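Undergrad: Okay, handing you the structure first.
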Amino acid sequence: MKPILRKFLPPAAMLAVAALLFGAALLRNRQPQEPVSRTELSLNTVVTVTLYDGQDESLLDRCMDLCGAYEQMFSRTLEGSEISRLNRGETDTLSPDAQALLSEGLRYSALSDGAFDLTVGAVSSLWDFSSGEGEVPDPAAIAAALPTVGWEKVELNGDRISLPAGTQIDPGAIAKGYIADRLKEFLQENGVESAIIDLGGNVLCISGRPDGTPFRIGVRRPFSDASDSMVILEVDGRSVVTSGVYERYFEEDGVLYHHLLDPETGYPCDSGLLSVTILSDSSAEGDALSTACFVLGLEKGMELAVSAGVEAIFIDENYELHFTPGFSTPYTLPE
């Protein structure tokens, strides 16, 4: 056929045909790539990072390494971690990451007037929501620990921190958000433009899908299967963090005890809510505010979310949805 093509087609037409063939080849080469993903147990939860616009799995390896490194810094229970050493009085000097984390934690402690309190460690250490063998602590032990709680007693000056005697830091309600933000920075610095970082309830998106459509993130129906969503959000480049009573809990004498503690009482808070979801640009912000808004309850929690400039979804004990005024993120309600 080549001789016939040369004989009957003028040069301009032959160039057009060649351009069409070349364009078709480009289109074939631009077919959407399958995302690459990595899931590991880390940070006392299931960590999943998914890249949608690249195949460089070494970036996933590095993300998991970063999670492990941050756990060695921020864990309250690992004996050699920076936070554990701080709580034992073995150091008062902070690494740059610990300084940044605690500075953020104290800021949200102040913003929420202590509904989120970074210094609840002496109380939270009395409760066990992870082993499956939890029981209600001795009320006398809780009463003895409560006076050590109080973010306003902490002095943070640069990389030096001063804690009152007995006060312990528990960064658990902000650390995952801080780590998610750092993972996002790392991936973007390495050219990633479309990804989802999921740190067990903390979901942070890098842009949307490669085709320009947003990611669809579900807000779980409390106490149901993880795939059962009450709301499906369309998210582009933002954080979605949920705090709920169904995440970690145990039952004793027919009473459910969950991990969201009221810093004023030392017991799981009874705010009339099942979960709070925060949509924000920063995952650390969403982490801290989801806890604070849950502790405050629907009315005051709504006020805090609005004043902080974030969007929020509250699910109350009757499984009714409440959205912050002017909620603008597109969403659908599954049938």
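The values are calculated or read from the model by the stated rules, or taken from the named source; none is laboratory data. The structure presented is a predicted model; accordingly, all values stated were derived computationally and were not measured. Cβ placement follows ideal geometry from the backbone for every residue including glycine, while neighbour counts extend to all protein chains displayed. The area values use the complete protein model at the heavy-atom level, side chains included, leaving out ligands, DNA and RNA. Shrake-Rupley method; radii C 1.70, N 1.55, O 1.52, S 1.80 Å.
Undergrad: Nearest 10 degrees, 0 to 90: what angle lies between the long axis of helix 283-296 and the longest principal axis of the chain (Cα atoms)?
TA: Approximately 40 degrees, to the nearest ten.
Undergrad: Give the residue list of GluC sites (Glu not before Pro) in the stretch 213-300 that are DSSP loop and have at most 15 other beta-carbon atoms within 10 angstrom.
TA: Details: sites: E234, E247, E251, E252, E264, E285, E299; in loops: E247, E264.
Answer in residue order: E264.
Undergrad: Follow-up question, since we're still on this one. Do you know the relative contact order of the stretch 204-307, to the nearest whole percent, from alpha carbon pairs under 8 angstrom that are 6+ apart?
TA: 23 percent.
Undergrad: At Y249 and Q188, where each label point lies 7 Å from the Cα along Cα→Cβ, what is the point-to-point distance in nanometres?
TA: The two pseudo-label positions are separated by 3.6 nm.
Undergrad: Something else now. How much accessible area does K153 have with a 1.4 Å probe, in Å² rounded to the nearest 10?
TA: Approximately 90 Å² of K153 is accessible to the 1.4 Å probe.
Undergrad: Express the relative contact order of the chain as a whole percentage, based on alpha carbon pairs under 8 Å and six or more residues apart in sequence. Intermediate results must be reported in sequence, preceding the final value.
TA: On the way: 603 pairs, mean separation 49.4, N = 335.
Averaging sequence separation for qualifying contacts and normalising by length gives 15 percent for the chain.
Undergrad: Whenever you get a sec, compute what percent of the accessible area on the stretch 128-229 sits on carbon and sulfur atoms (1.4 Å probe). The partial results should precede the final answer.
TA: Working: 2170 of 4820 Å².
It is 45 percent, rounded to a whole number.
Undergrad: Residue-wise, which Karplus ³J(HN,Hα) couplings in Hz belong to the stretch 145-153, taking 6.51 cos²θ - 1.76 cosθ + 1.60, θ = phi - 60°, and x for glycine or proline?
TA: Values per residue, Gly and Pro as x: 7, 4, x, 7, 7, x, 4, 5, 7 Hz.
Undergrad: Continuing with this model, one more query. Only Cα pairs within less than 10 Å get springs; with that Gaussian network setup on the chain, which residue of D211, D198, D170 has the largest fluctuation?
TA: Looking only at D211, D198, D170, the largest GNM fluctuation is found for D211.
Undergrad: Further question: On average, how much accessible surface per residue is there in the chain, in Å², for a 1.4 Å probe, leaving out ligands, DNA and RNA?
TA: Ligands and nucleic acids excluded, the figure is 50 Å² per residue.
Undergrad: Could you check which residue among N87, N190, N202 shows the biggest mean-square fluctuation in a GNM of the chain with a 10 Å Cα cutoff?
TA: N190
Undergrad: Something else about it: Can you give me the convex hull volume of the Cα atoms of the stretch 26-185, divided per residue and expressed in Å³?
TA: Details: hull volume 23.3 nm³, N = 160.
Enclosed volume per residue, from the Cα hull, is 146 Å³.
Undergrad: Distance between Cα centroids, the stretch 112-137 to the stretch 68-102: provide it in whole Å.
TA: After rounding, the separation between the Cα centres reads 18 Å.
Undergrad: Can you tally the net charge around V245? Count Lys and Arg as +1, Asp and Glu as -1, for every other residue whose Cβ sits under 11 Å from the Cβ of V245.
TA: Net charge around V245: -2.
Undergrad: Sort out for me the Cα centre separation of the stretch 297-319 from the stretch 244-261, rounded to whole Å.
TA: For the stretch 297-319 versus the stretch 244-261, the Cα centre distance is 21 Å.
Undergrad: Angle between the Cα long axis of helix 11-29 and the longest principal axis of the chain, 0 to 90 degrees, nearest 10?
TA: 30 degrees
Undergrad: Cα gyration tensor of the stretch 109-254, axes a ≥ b ≥ c as square roots of the eigenvalues: rounded (a/c below 1.5), prolate (a/b > b/c) or oblate?
TA: oblate
Undergrad: Whole-Hz Karplus ³J(HN,Hα) for the stretch 207-224, in order, using 6.51 cos²θ - 1.76 cosθ + 1.60 and θ = phi - 60°, x for Gly and Pro?
TA: Whole-Hz 3J(HN,Hα) from phi for the stretch 207-224: 6, x, 6, x, 7, x, 7, x, 6, 10, 10, x, 9, 5, 6, x, 6, 10.
Undergrad: A follow-up question, please. For the stretch 291-333, just list the percent of Cα-Cα distances falling in each 10 Å bin from zero outward, please.
TA: 27, 57, 16
Undergrad: For W127, W151, what's the largest-to-smallest order of accessible area, 1.4 Å probe? Spell out each step's value before the answer.
TA: Numbers: W127 15, W151 60 Å².
Largest to smallest exposure gives the sequence W151, W127.
Undergrad: Pop out the ³J(HN,Hα) list for the stretch 158-164 in order, Karplus 6.51 cos²θ - 1.76 cosθ + 1.60 with θ = phi - 60°, rounded to Hz; leave Gly and Pro as x.
TA: x, 9, 10, 10, 10, 10, x
Undergrad: Could you size up the charge dipole of the chain around its Cα centre, putting +1 on the beta carbon of Lys and Arg and -1 on that of Asp and Glu, and report it in debye to the nearest 20?
TA: 2160 debye
Undergrad: Bin width 20 Å, origin at 0, all Cα-Cα pairs of the chain: what percent of pairs per bin?
TA: P(r) for the chain, in whole percents per bin: 29, 51, 12, 6, 2.
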